[in-house]
Structure formats: C-alpha cells, structure tokens
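Inspection log for the structure reproduced underneath, given as structure tokens.
The values are calculated or read from the model by the stated rules, or taken from the named source; none is laboratory data. From a predicted model like this one, the values you see are computed outputs, not experimental measurements. Here the Cβ is made from the backbone with ideal geometry for all residues, glycine too, and neighbour counts use every protein chain on show. Calculation scope for accessible area: heavy atoms of the full protein, side chains included, ligands and nucleic acids excluded. Shrake-Rupley method; radii C 1.70, N 1.55, O 1.52, S 1.80 Å.
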Amino acid sequence: MLVLPFRASLTRKRAPGKRHLKRWSRLTRLPSPLNPQAMNDTGAPQLALPPVIDGLAAIAGKYDLVFTDVWGVLHNGMKAHPGACEALVNIRKAGVPVVLITNAPRQAPVVVGQLDRLGVPRAAYDAIVTSGDISRDYIRTRPGQPVHHVGPKRDLVVFEGLDTRLVDIEEAAYVVCTGLVDDRTETPDDYQERLERMKARGLFFLCGNPDKVVEVGHDLIFCAGAIGDRYQSMGGEVLYAGKPYEPAYEACWRYAERIVGKRSDASRVLAIGDAMRTDVAGAVRMGMDCLFLAEGIHAEVLLGPQGIKPEGLAALIAETGQHPRYVMRKLVW
C-alpha cells in the first residue's frame with residue numbers, strides 16, 4: 001500500500017490573489033439542478049434512471065482503476081462495512097488498483113490508523129488521498145502567515161510541521177476550517193457570529209472538508225462544508241480542499257501511475273461514493289463513471305421497505321443535477 005507525501009501542483013509562494021484562487025478552484029461551481037423544462041406535466045423529472053446493480057462484480061471488468069470514497073462506503077464512523085471491504089479486496093485481486101479519496105481533514109497516515117482501528121483491511125486499497133493533505137499543501141504556499149483554526153482539537157495534526165501559528169480572528173491572515181468544534185451538539189448556526197467577524201475582516205476561508213454532513217452510526221452530523229457554504233453565501237471567499245475538485249483527483253491519478261506505470265483514461269476509472277454533491281459531482285466533472293451507493297447520507301430519500309425507491313432517486317438527481325452511471329444499495333461484491 002502506498003501512503004506517500006502528497007503535493008498538489010502549486011508553485012507560487014505568495015498569498016493568493018484572485019488569479020491564484022481561480023487556478024486552485026476552477027472546478028468550484030457545481031452543475032445547476034435540472035432545468036424545470038425537463039419536468040413533465042406532473043412535476044416528475046423526465047430522465048432515464050441509472051441501472052441498479054447487485055454487486056461490483058457485474059461491472060468490474062469494465063475498469064482499470066477504482067477511486068472510492070471512504071466514510072459511508074467502507075465504514076460509518078463506528079465500524080467497518082465487511083461487504084464493502086470484501087468487494088474492494090476482490091477487485092484488487094482481479095488486478096484493479098484501488099485508491100481511497102476522502103474529504104477527511106487529516107493526513108493519510110492518520111486516516112490509515114483510523115481504518116485499522118475500525119477493521120478495514122489494508123488489502124482493500126493501494127493508496128489514499130485526503131483533504132488534510134491537500135489543505136497542508138495549500139498552507140505551505142503561505143509560509144509564516146498566522147491562521148485562525150475552526151474545528152476540533154483532534155484536527156490540529158493538520159498543522160504539524162508547517163510554518164504557521166494559530167491565532168484569534170483579529171490576528172489571522174486567513175482561516176482554516178476542518179469542522180465544528182463539537183459536531184455532536186453544534187450546528188452551523190452556532191458559527192454565525194464568528195463568520196460575521198471573519199467577513200468583516202475579509203478573511204479568506206480554506207475549507208478542509210467539503211462534505212456538508214457525514215454519517216456516524218445512524219446519525220448525520222455537520223462537517224466543515226456546511227460552515228464553508230454559509231461563509232460563501234455571506235460573500236466570503238472560500239476554497240474547498242477535496243472532492244469534488246480537481247486537485248484531489250489529480251493526486252489519485254499520480255498514485256495510480258506509480259502503481260500501474262501509466263495514466264488510465266478517465267473512461268476506464270470507476271468512482272464510488274454515497275454523496276451526490278462530492279462523489280458523483282466530482283466523478284462527472286472528471287469524466288469518470290460513478291457507482292452511487294444509496295445506503296449513505298441520502299438514505300432517507302432513497303430507501304424504502306422494498307429497497308431503492310425510483311421516485312426518490314429521480315427526485316435526488318433532479319434536485320442536484322448529478323447523474324451517476326450505476327446505483328447500488330451498498331457496496332458488495
């Protein structure tokens with residue numbers, strides 16, 4: 001398994017101006033939801049739904065490489081999903097490398113340790129790319145500049161070894177948000193006053209986890225993306241470090257090239273995930289097929305007593321404007 005130091009393709013060492021941010025975040029606008037004209041007279045969306053498949057084995061032969069989400073696919077924050085782990089082990093045995101791509105705001109070795117504790121076997125993947133690594137690479141472009149951190153103490157590891165210092169909002173040159181301080185009790189509403197202070201100073205906001213919510217056991221908790229979205233809605237300048245944006249996928253491709261010796265064509269790469277906003281959107285933007293898992297953060301909309309609800313899937317596709325290539329309830333072989 002490769003757990004290599006990640007470096008995004010950055011060269012400038014000065015504070016980011018608008019041109020610099022444009023290069024870093026050129027894929028930050030997600031596709032618009034389905035046009036109302038694409039609805040029929042009853043308001044139902046007129047689109048062909050992606051096929052629902054029973055197992056990864058049914059499509060494994062079509063791909064040379066897999067990029068898969070972690071949280072919601074391999075585990076739920078409390079325990080591993082054995083069927084998903086088995087599926088990835090099997091596709092690797094068939095000669096298809098697996099690169100994990102996660103919006104976790106910590107470095108790859110830290111996430112590997114978490115996967116070990118949850119029971120995810122290392123035989124299920126070849127390499128891992130995290131939002132934490134991408135955030136660190138951005139921070140390196142602003143050496144010596146003071147940072148205001150928003151997030152729990154466990155995420156302070158993202159700053160280890162970097163030329164920066166943590167300060168209050170009034171002293172900060174920019175903000176790094178890795179999540180809510182207490183994601184079990186807080187919501188983005190609790191950060192409104194702090195965001196207003198940031199906006200008053202015109203602080204740039206690095207979102208170290210673009211996810212809005214994540215599943216922990218049977219609960220959904222807010223992530224840094226929910227705070228980043230709120231700051232952006234206030235007119236603040238936000239950079240999202242992770243899916244669905246290009247630097248994360250480019251890092252995956254670089255790892256894959258080291259494994260197989262060449263760059264796979266996007267049409268031969270399968271992305272797997274449970275989030276329309278990040279996993280499906282990123283795959284579509286990068287020209288890859290996406291296997292979308294219904295038993296994740298969208299389960300309330302998608303699942304019923306008989307399994308996946310076609311009307312729920314159609315509504316979600318219409319709402320988000322994202323269209324996966326395949327759908328499964330959960331990842332199994």
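Structure data summary
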item: Selection within region 80-113 - more than 14 Å from the chain's Cα centre (by Cα), in a strand (DSSP E or B) and not β-branched (Val, Ile, Thr); result: Ala80
item: Where a residue in region 291-305 is free of Cβ contacts under 8 Å to residues at least 24 places away in the same chain and its partner, wherever it lies, is open to solvent by 30 Å² or more (accessible area, probe 1.4 Å), with Cβ under 7 Å and at least six apart; result: Val301/Ala315; Leu302/Ile308; Leu302/Lys309
item: Meets criteria (crowded, with 24+ Cβ neighbours inside 10 Å, touching a helix residue (DSSP H, G or I) at 6+ places or on another chain (Cβ under 7 Å) and part of a helix (DSSP H, G or I)) for Gly282; result: yes
item: Per-region count, region 257-278, residues open to solvent by less than 10 Å² (accessible area, probe 1.4 Å) and more than 27 Å from Phe222 (Cα to Cα); result: 2
item: Residues located in region 156-171, provided they are surrounded by 15 or more Cβ atoms within 10 Å (Cβ to Cβ) and touching a His at 6+ places or on another chain (Cβ under 8 Å); result: Phe159, Ile169
item: Test: residue in region 77-86 that is open to solvent by less than 30 Å² (accessible area, probe 1.4 Å), in contact with a Ser or Thr (Cβ under 8 Å, 6 or more places away or on another chain) and either at pLDDT below 95 or at negative phi (or both); result: no
item: Region 301-333 - residue that is among the charged types (D, E, K, R) and assigned to a loop (DSSP other than H, G, I, E, B) and, of those, least open to solvent (accessible area, probe 1.4 Å); result: Lys309
item: Selected residue [open to solvent by 20 Å² or more (accessible area, probe 1.4 Å), touching a helix residue (DSSP H, G or I) at 6+ places or on another chain (Cβ under 8 Å), over 18 Å from Arg268 (Cα atoms) and of a type in the set (Val, Ile, Thr)] from Val70, Val120, Val89; result: Val89
item: Any hit, region 61-79, residues being assigned to a helix (DSSP H, G or I) and more than 19 Å from the chain's Cα centre (by Cα); result: yes
item: Enumeration of residues in region 123-140 that are of a type outside the set (A, V, I, L, M, F, W, C) and either buried (at least 22 other Cβ atoms within 10 Å of the Cβ) or at pLDDT below 95 (or both); result: Tyr125, Asp126, Thr130, Ser131, Gly132, Asp133, Ser135, Arg136, Asp137, Tyr138
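One line per residue, one yes/no per condition, for (1) more than 11 Å from the chain's Cα centre (by Cα); (2) among the acidic types (Asp, Glu):
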| residue | (1), (2) |
| --- | --- |
| Glu196 | yes, yes |
| Phe205 | yes, no |
| Ile221 | yes, no |
| Arg230 | yes, no |
| Glu237 | yes, yes |
| Tyr240 | no, no |
